[in-house]
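Report on the structure given below.
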Amino acid sequence: MCDSSIRIGTAGWSYPSGPGAWTGIVYPARKGRPKDFDELRAYGEHFDTVEVNSTFYRIPTIDVTRSWVERTPSGFEFSVKLFQKLTHPRMFLDRLTKPPKGAPKEMVAEKSTLPHDQALAAAGVSSADVDEFRRAIDPLASAGKLGAILVQFPASFKHDAAGVDHLAWLTKALRDYQVAVELRHKTWSDDVKTTLQVLNASRAAWVQIDEPKFRLSIEQNYLPNVTSFYYMRLHGRNTASWWRHAAAEDRYDYLYSAEELREFSDVAGAAQALVRKSYLYANNHFASKSVVNAVMLKAQLGQPIDGEYPTTWVEHYPEIKGLVRVGASRSLV
């Protein structure tokens, strides 16, 4: 595994079902798969970091995070998304009131329209929630396998007095870790001075994002705001399906071209002179397109492409022909 100050990976390592599943593409199909096959172990043969999004939906148990440590090679790092209660309280409240599957329409509750600060109060957000999350990820931190905590706010989270206060409180509560904050509403870049003051006070990195733009999208210049680390997420550019889609995964059905990726590999290369470590995660996960783009980024940055990839995958994505080794690795089809 290459020891690099620029770590490149994907958002998630397991997408087992649906039209965008990785099984049968980059992982073996479930039918006929060896009983001891482990997708995380397989992923770890190719990349030295992964961004975990499942922690946004539920706080993992200590046994689960301990198993992640045991199933990955030395030097591997997990960046974990903070639990939704702390960043998306309205979503958290909606999930609490979600009716059982098959319930009549009249049982379907209205989505919460509370202002963010009122939703935080209604959800009962407190330092105890932060402590619970800290305990859950302690096995990763203790093993030296914790990359950053991703604090992702919704596009509706605005720069106002309540928003600034919550951001300051949360980043301060997590300042013992590398904290990466994803803000999407333009009010944060409109008052860039205050935003930077809050983030820099807790040494939190301002996440640089690439995604379809909307009228109130944040403006970014891709410059790091702290010297400790840099964090970039590539969501794809599927504008047509970003807001309107049949399934949530449709919005991530996008493959960056080599020319489009060059912008980000150039930025990462330049940032390397300004920060100690960088994390680049491809979140365009539909049908393993994030894996393709992560491989292409590694190649553009001169990093070795570890492991072997299946012939069928390479044939499906000619963009990576000549970049990867093709073979019958036990971890792949």
Query raised in the report: Remind me, relative contact order of the chain in percent, using alpha carbon pairs under 8 angstrom and six or more residues apart?
Result: 21
Query raised in the report: Once the other residues with Cβ under 10 Å from the Cβ of V50 are scored (Lys, Arg +1; Asp, Glu -1), what is the net sum?
Result: -2
Query raised in the report: Any idea how far apart D165 and R58 come out in nm if each label point goes 7 Å out from Cα toward Cβ?
Result: 3.4
Report task. Kindly express, to the nearest 10 degrees and within the range 0 to 90, the angle between helix 127-142's C-alpha long axis and the longest C-alpha principal axis of the chain. Result -> 20
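Could you check what % of the DSSP bridge pairs in the chain are antiparallel, to the nearest 5?
Working: 1 of 32 bridges.
Of all bridge pairs located within the chain, approximately 5 percent are antiparallel.
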**Report entry** Cα-based convex hull volume of segment 268-333 per residue, rounded to whole Å³
**Finding:** 99
Query raised in the report: Based on the Cβ-Cβ distance from F214 to E132, what FRET efficiency comes out when R0 is 30 Å, to the nearest 0.05?
Result: 0.35
Report task. Quick one: compute a quarter of the convex hull surface over the Cα atoms of segment 104-250 and quote it in nm². Result -> 11.2
Requested in this report: Would you mind checking the tilt of helix 258-271 against the longest principal axis of the Cα atoms of the chain, expressed as 0 to 90 degrees and rounded to 10?
Outcome: 70
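Under the Kirkwood approximation for Rh and a Cα-based Rg, what ratio Rg/Rh is obtained for segment 34-77? The partial results should precede the final answer.
Values: Rg = 11.1 Å, Rh = 11.4 Å.
Reported Rg/Rh, Kirkwood definition of Rh: 0.97.
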**Report entry** Solvent exposure of the chain as accessible area per residue, Å², 1.4 Å probe
**Finding:** 46
Query raised in the report: Over segment 34-191, what relative contact order in percent results from Cα pairs under 8 Å that are six or more residues apart?
Result: 26
Report task. Would you please report the Å³ per residue occupied by the convex hull of the alpha carbon atoms in segment 1-67? Result -> 131
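Which of the peptides 51-60, 220-229, 293-302 is most tightly packed, and how do the rest follow, going by the mean number of other Cβ atoms within 10 Å of each residue? Kindly include the intermediate steps, with their values, before the conclusion.
On the way: 51-60: 18.3, 220-229: 15.5, 293-302: 21.9.
Highest to lowest by the protection proxy: 293-302, 51-60, 220-229.
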Report task. Give me the Kirkwood hydrodynamic radius of segment 169-278, using the inverse of the mean 1/r over all pairs of distinct Cα atoms, in Å to one decimal. Result -> 15.3
Query raised in the report: Which value, in nm² and rounded to one decimal, describes the direction-averaged projected area of the C-alpha convex hull of segment 194-250?
Result: 5.0
Report summary line: Quick calc of log₁₀ I(q)/I(0), segment 111-150, Debye, one scatterer on every Cα, no solvent, q values 0.15, 0.18, 0.31 1/Å, result -0.53, -0.64, -1.00
Query raised in the report: Using 1/(1 + (r/R0)^6) with R0 = 56 angstrom and r between the beta carbons of D117 and V326, what's the FRET efficiency to the nearest 0.05?
Result: 0.55
Report task. Given the peptides 172-183, 79-90, 268-279, arrange them by the average over their residues of other C-beta atoms within 10 Å, most packed first. Result -> 79-90, 172-183, 268-279
Report summary line: Calc'd 3J(HN,Hα), segment 145-155, phi into Karplus 6.51 cos²θ - 1.76 cosθ + 1.60 (θ = phi - 60°), Hz, glycine/Pro = x, comes to 10, 8, x, 10, 9, 8, 9, 9, 9, x, 5
Requested in this report: At most 11 other Cβ atoms within 10 Å and a DSSP loop assignment: could you name the trypsin sites (Lys or Arg not before Pro) in segment 192-223 that fit?
Outcome: R215
**Report entry** Calculated Cα Rg over 2.2 N^0.38 Å (choose from (1) 0.99; (2) 1.10; (3) 0.91), label
**Finding:** (1)
Query - Nonlocal Lys pairs with alpha-carbon distance under 23 Å, segment 125-217 (8 or more apart, or different chains) - result: 9
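The values are calculated or read from the model by the stated rules, or taken from the named source; none is laboratory data. For clarity, every value in this text was computed on a predicted model and none was experimentally measured. Backbone-built Cβ (ideal geometry, glycine too); neighbour counts: all protein chains shown. Each accessible area value is taken on the protein alone, full model and side chains, heavy atoms only, with ligands, DNA and RNA left out. Shrake-Rupley method; radii C 1.70, N 1.55, O 1.52, S 1.80 Å.
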